[in-house]
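A short write-up of the structure that comes next.
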Protein chains: 2
Amino acid sequence: MTNTQATKIAVLGTGGGGRAHAAKLAGLGYEVHVGTRDPQATLARTEPDMMGNPPYQQWLADHPGITLNTFAEAAAAADEIVINGIDGANSVQALTAIADAMAGKVLIDYAVPYLYGAEMEHPWPTPWGTMPKLDPCDTDSLGEQIQRALPAVKVVKSFVTQEQETVVNPKTVGGGEHTMFVAGEDTDAKKAATELLTAYGWSDVLDLGGIVTARGLEMHAGMHSAIGLALGLGTPFGVKVVR
Amino acid sequence: MTNTQATKIAVLGTGGGGRAHAAKLAGLGYEVHVGTRDPQATLARTEPDMMGNPPYQQWLADHPGITLNTFAEAAAAADEIVINGIDGANSVQALTAIADAMAGKVLIDYAVPYLYGAEMEHPWPTPWGTMPKLDPCDTDSLGEQIQRALPAVKVVKSFVTQEQETVVNPKTVGGGEHTMFVAGEDTDAKKAATELLTAYGWSDVLDLGGIVTARGLEMHAGMHSAIGLALGLGTPFGVKVVR
């Protein structure tokens, strides 16, 4: 695949998840357009981010062929697929602002709607503090909120049940013998997401139905964290739907 | 095992889940004491219950060796383990009323805290109507509520991620190659629950930690229902933690 023929894909967000997708997609031959709120500010940073990721300019130098731009410019550059790696609390607002650039395109959303810092009467202690509250939860989902806010965009909720390093390298767990899920209103969009997952190495992708099922996927965050802590932080694992 | 030496175990609730456990336990040689709110009323019913289960007196006639009694009498009869099959909305109240009968014993709780009939701005339609709301959810769990209400009882949340017919017959799915979870404050109580699960046929039981992790297990209800609907209602399935 030469660069002029490469499929253009956008990844919004420069955190660990966004980096995992951007690096994998570049390796697969995609022309990767990464979006960030303020590219100059992102490139000016010289310290690791709050999750300990190295400064983005340094990461970018190690990953040639990836373009950093604004959210809107990256989304506009995508041929078909935009991946949302913006944090859950800011996703609806940031995506609504660039809705026009994504009209008719597929938006794969993996954000967890964590509301950090919300006080709880009964906190769930973890080694890093407490589990953040989900908002929305159960009676709505971030996936649905995004779909309602961007009716001209084909939203697919996926990836969210896994660490993003495992999403892009599924065969590192059980030889890939575990399950990934897609949820959304548009069948073709879910097919496009499934093809991308197949390129990542997934062989079992289960279509859960409409975007309303994003509730189940987002609420899996609690069980995902509990399993991860039970196995030992950093132990890779997957969840296989046996049937 | 003769009847006089049999371990006495209590199952609270006469619905489909309670029946599955009672029948399995009787088959395993336990002396099974089933508890219900009003035994006379339960035995007087001649119509199927709202889930289509046959009248209890008829079921009981087909399952000799099972004793029906009040919640308190059944719980008091148990040597060590009481299984809570009371519906989520009524569990805390019904169990609090019989706390003394369970002091020092293990209570395995599999109830989902569904609040049926709660109106939602964004309902989740299903073939049977809508998904019921979870209450509590995310910032608390029914498992924790029960443990707080009954401090002298060793609460273990388990079974809840599965249909109870599969819980008692795990090998009907993937030869048993899927995962069951236990959560609770008391290590010996989780050991007792795990031994019961082993007798049921489970080979992979994962201890998630304290009772707070019941949140993850209860919130899995959404994904469990979504997977079940995606595979086709009634298709048995399990979830395996691949690691």
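Tabulated results
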quantity	calculated
Qualifying residue in region B:165-173 (condition: more than 25 Å from residue B:114 (Cα to Cα) and buried (at least 19 other Cβ atoms within 10 Å of the Cβ))	yes
Matching residues, region B:206-238, being on the phi < 0 side of the Ramachandran plot, out of contact with any Ser or Thr (no Cβ under 7 Å at 6 or more places or on another chain) and not in a helix (DSSP H, G or I)	B:207, B:208, B:210, B:233, B:235, B:237
Positions within region B:199-243 being within 22 Å of residue B:168 (Cα to Cα) and among the charged types (D, E, K, R), in sequence order	B:204, B:207, B:218, B:240
Identity of the residue in region B:73-92, outside any strand (DSSP E or B) and among the polar types (S, T, N, Q), that ends up most open to solvent (accessible area, probe 1.4 Å)	B:90
Residue within region A:102-121 that is buried (at least 16 other Cβ atoms within 10 Å of the Cβ) and either of a type in the set (S, T, N, Q) or part of a helix (DSSP H, G or I) (or both) present	yes
Complete set of residues in region A:209-234 that are open to solvent by 30 Å² or more (accessible area, probe 1.4 Å) and either polar (S, T, N, Q) or facing chain B (nearest Cβ under 7 Å) (or both)	A:229, A:230, A:231
Tally of residues being within 25 Å of residue A:97 (Cα to Cα), open to solvent by 10 Å² or more (accessible area, probe 1.4 Å), touching a residue at least 40 places away in the same chain (Cβ under 8 Å) and of a type in the set (Gly, Ala, Ser) across region A:21-43	0
One residue from B:177, B:144, B:185 being open to solvent by 20 Å² or more (accessible area, probe 1.4 Å) and in contact (Cβ under 8 Å) with a residue 60 or more places away in the chain	B:177
Region A:89-104, residues that are closer than 18 Å to residue A:9 by Cβ and of a type in the set (Val, Ile, Thr)	A:98
In region B:146-193, the residues that are over 24 Å from residue B:227 (Cα atoms), in a helix (DSSP H, G or I) and more than 9 Å from chain A (Cβ to nearest Cβ)	B:146, B:147, B:149, B:187, B:188, B:189, B:190, B:191, B:192, B:193
Qualifying positions in region A:194-208 - buried (at least 23 other Cβ atoms within 10 Å of the Cβ) and within 18 Å of residue B:223 (Cβ to Cβ)	A:208
Selection within region A:1-20 - over 16 Å from the mean Cα position of the chain (by Cα) and either within 23 Å of residue A:99 (Cα to Cα) or of a type outside the set (S, T, N, Q) (or both)	A:1, A:6, A:7, A:8
Test: residue in region A:149-156 that is in contact with an Asp or Glu (Cβ under 9 Å, 6 or more places away or on another chain), closer than 15 Å to residue A:189 by Cα and open to solvent by 10 Å² or more (accessible area, probe 1.4 Å)	yes
Residue A:237 vs. criteria within 13 Å of chain B (Cβ to nearest Cβ) and open to solvent by less than 20 Å² (accessible area, probe 1.4 Å)	yes
Selected residue (only one of A:172, A:166 is of a type in the set (Ser, Thr, Tyr) and closer than 20 Å to residue A:86 by Cα)	A:166
Tally of residues being in contact (Cβ under 8 Å) with a residue 24 or more places away in the chain and assigned to a helix (DSSP H, G or I) across region A:194-205	4
Region B:127-141, subset touching a residue at least 60 places away in the same chain (Cβ under 8 Å) and farther than 19 Å from residue B:156 by Cα, residue farthest from the other protein chains (Cβ to nearest Cβ)	B:127
Pair list, Cβ < 8 Å and 6+ apart or interchain, from region B:229-243 residues that are farther than 17 Å from residue A:208 by Cβ to residues that are of a type in the set (Val, Ile, Thr) and open to solvent by 30 Å² or more (accessible area, probe 1.4 Å)	B:236/B:172; B:243/A:235
Positions within region A:200-228 being among the small types (Gly, Ala, Ser) and more than 28 Å from residue B:212 (Cα to Cα), in sequence order	A:201, A:203, A:209, A:210
Wholly within region B:1-72, strands (runs of 3 or more DSSP E) carrying at least 1 residues that are over 22 Å from residue B:159 (Cα atoms) and of a type in the set (A, V, I, L, M, F, W, C)	B:66-70
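The values are calculated or read from the model by the stated rules, or taken from the named source; none is laboratory data. These figures come from a predicted structure and were not determined experimentally. Positions of Cβ are backbone-derived with ideal geometry, glycine not excepted, and every protein chain shown enters the neighbour counts. The protein model used for the area step is the full one, side chains on, heavy atoms only, and it has no ligands, DNA or RNA in it. Shrake-Rupley method; radii C 1.70, N 1.55, O 1.52, S 1.80 Å.
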